[in-house]
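The values are calculated or read from the model by the stated rules, or taken from the named source; none is laboratory data. Worth saying up front: this structure is predicted, and the values here are computed from it rather than measured. Note that we place each Cβ from the backbone using ideal geometry, even for glycine, and neighbour counts take in every protein chain shown. Surface areas here come from the heavy atoms of the whole protein model, side chains and all, with no ligands, DNA or RNA. Shrake-Rupley method; radii C 1.70, N 1.55, O 1.52, S 1.80 Å.
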Amino acid sequence: MREWTTEERYRELKKEDLGLLKELHDQVRQSPWRCVFHVQPVTGLMGDTNGFSCFDGRWHLFYQWFPYGAVHGLKHWYHVSSTDLLTWKNEGLGIGPGEIYDDKGVFSGSGYPEGDILYLPFTGNHRDENWIRTPYQLLAYMTKDGIIHKQEEPLYGPVDGYTEHQRDPKMFYREEDGYYYYLLGVQNEEKKGKFLLMKSKQIQSGWQIAGELKIRGYEDFGFMVECPDLEKVGDQWLLLFSPQGLEPQGDEFHNIYNNTYLIGQMDFDHLEFIPEGRMKELDRGFDFYAAQCAGQKIWPDKAVMCAWFGVSDYSYPPANEDGYSGLQTMARILTIEDGELKQRPCEAAYSLKSDIVLNKKKGEKDVSGRMPKASVIEVKAVQGDVSLRLWCSEDRPGFTVKYDAADKALVIDKSGLINQLNTDYGTSRRVVLENGLKEMQIFADCSSIEIFVNDGEYVLSARVFPENTENGIYCEGEGAEISVYNAGTTVKDDFVIFPEQAEK
Ligand code: FRU
């Protein structure tokens with residue numbers, strides 16, 4: 001891909017560029033890797049999930065966005081909305097950079113709905129003429145007419161004792177003490193990743209430092225923690241975060257940066273999170289980062305989560321060449337059952353299945369056929385080994401999913417595809433299933449695959465960029481029933497850059 005100058009990277013979105021962006025969108029739409037049931041950038045680069053929330057009867061999701069190309073440049077928030085978490089509508093620009101506090105980027109943040117307002121706290125990325133960065137925590141808010149306003153004054157400036165890396169506020173309210181809080185990912189002066197809690201009696205002002213949130217049993221998390229999220233799910237708390245600089249341990253933490261979670265209790269008096277169980281990876285595949293749960297008040301016992309279907313500092317060259325990069329994962333419903341996190345596809349995902357294209361009954365050895373562009377694959381009633389070759393071709397196995405019943409290990413392997421990505425971090429991932437494999441639900445959408453294992457026990461996600469010749473599917477496993485369905489389309493790839501272009 002061509003080199004981008006700093007000036008090009010920091011180009012702010014302007015109405016006069018609509019023609020240019022239309023051309024880029026026309027090019028993007030031609031890409032063979034455009035998805036049909038995932039949120040993808042209208043043009044340019046998509047990153048973290050931001051401002052995810054349920055407000056005024058709709059789900060709202062924003063994503064980190066650089067409109068002009070597949071590079072990390074001046075970040076904006078792009079807005080999409082949905083009523084079912086699967087059918088997404090392009091709403092256009094959400095928040096753009098301002099003149100001072102976020103002049104070099106509207107960084108990540110969350111959504112907190114209250115009354116007639118959806119509050120959208122985020123990090124403003126300011127840089128001075130010497131390119132020295134100062135982070136500010138800022139507030140935007142959306143009214144019921146869909147208009148987003150930005151509060152002029154920051155909620156808070158940089159906090160002493162930490163480096164320039166202080167960002168990604170996740171806001172919530174705590175009834176017990178009547179305080180609003182936001183949780184930040186920060187780097188301390190010893191270059192360690194930490195969590196910082198801020199609090200106030202009202203959202204717009206009065207913020208003070210509550211203190212560092214300590215995590216019992218853990219000193220720190222690599223060199224930086226990004227995109228923290230703290231949710232009450234039933235009687236327990238779920239802490240999601242994206243630590244940078246973890247070392248691999250056994251089968252876990254093999255990506256350049258990982259997205260992890262802890263389940264436990266919050267002690268607000270001592271600002272301590274008390275884990276019940278160890279830190280685990282949210283997704284056991286290759287491409288998953290910056291997960292965020294929706295701010296919502298309808299389901300106290302569950303959380304709804306989306307994530308960036310990609311990782312910072314990875315690159316996805318095939319789509320990048322077409323002028324875009326990034327995807328959001330499907331929305332997942334999270335529950336904690338017997339102390340274990342369960343992640344299931346959102347309800348609407350079950351309606352994706354259309355006609356069946358391949359079926360292997362129990363007792364049959366194998367079946368093969370053509371891999372649909374977008375599909376749902378169900379593997380049921382597993383007894384014994386299972387082996388799938390997805391996007392396989394004459395001389396390559398494609399993306400393989402193999403379960404070995406003897407050691408209860410499920411292995412995904414992307415080395416058999418033509419387009420190889422980010423291979424420095426390995427080409428296979430392995431999960432040992434304590435109770436063996438029972439079933440899998442696989443959602444494969446043109447350039448992505450999400451594998452839900454054992455009714456939400458594990459999820460493994462990967463980006464894949466199959467070439468035209470990689471269009472086969474082969475399923476083997478006498479002891480399992482395997483069905484492949486075509487999947488429907490739930491995202492409209494329409495050209496919406498500004499809100500006024502959005503479909504009414
Ligand atoms: C995570 C991240 C956030 C930051 C944003 C900038 O991917 O680095 O910490 O707010 O991306 O795009």
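Annotations
- Cα long-axis angle, helix 18-29 against the chain (0 to 90 degrees, to the nearest 10): 20
- Listed residues Pro345, Gln137, Val225: farthest to the positive end of the dipole of the chain (Cβ charges): Pro345
- Stretching Glu503 away from His270 to a fully extended chain increases their span by 79.0 nm, per 0.36 nm per residue minus the current alpha-carbon distance.
- Separation between Cα centres of the range 64-138 and the range 205-268, rounded to whole Å: 22
- Probe 1.4 Å, protein heavy atoms only - accessible area per residue of the range 335-470 in square angstrom: 43
- Inter-label distance, nm, simple model (7 Å from Cα along the C-beta direction), Lys362/Asp313: 4.8
- Remark: the Glu467-Glu347 segment gains 40.1 nm on full extension, using 0.36 nm per residue and subtracting the alpha carbon distance.
- Among the protein heavy atoms of the range 398-504, carbon and sulfur supply 45% of the accessible surface, probe 1.4 Å, non-protein parts ignored.
- Considering only the range 224-336, percent of DSSP beta bridges that pair antiparallel, nearest 5: 100
- Amide proton proximity set for Tyr458, modelled H, under 5 Å, gap of 5+: Val453
- Sorting the segments 58-65, 99-106, 185-192 by their residues' average number of neighbouring beta-carbon atoms within 10 angstrom, most packed first, yields 58-65, 99-106, 185-192.
- Taken about its Cα centre, the chain carries a charge dipole of about 800 debye when Lys and Arg each add +1 at the Cβ and Asp and Glu each add -1 at the Cβ.
- Model label sites at Arg11 and Asp301, defined 7 Å from Cα along the beta-carbon direction, differ in position by 5.2 nm.
- For the range 12-102, the carbon plus sulfur part of the accessible surface works out to 47%, probe radius 1.4 Å.
- Descending by average beta-carbon neighbour count within 10 Å, the peptides 354-364, 334-344 line up as 334-344, 354-364, the highest first.
- Taking the convex hull of the alpha carbon positions in the chain and averaging its projected area over all directions gives 22.6 nm².
- R0 of 41 Å, Cβ-Cβ distance Lys192-Asp385: FRET efficiency to nearest 0.05: 0.40
- Rounded, prolate or oblate (a/c below 1.5 giving rounded, otherwise prolate when a/b exceeds b/c) for the range 350-465 by Cα gyration tensor: rounded
- Virtual spin-label span in nm between Asp145 and Asp338, 7 Å along Cα→Cβ: 5.4
- All aspartates and glutamates inside 20 Å of Lys22 as judged from Cα atoms, apart from same-chain residues fewer than 8 positions distant: Glu8, Glu12, Glu91, Glu321, Asp322, Asp493, Asp494, Glu500, Glu503
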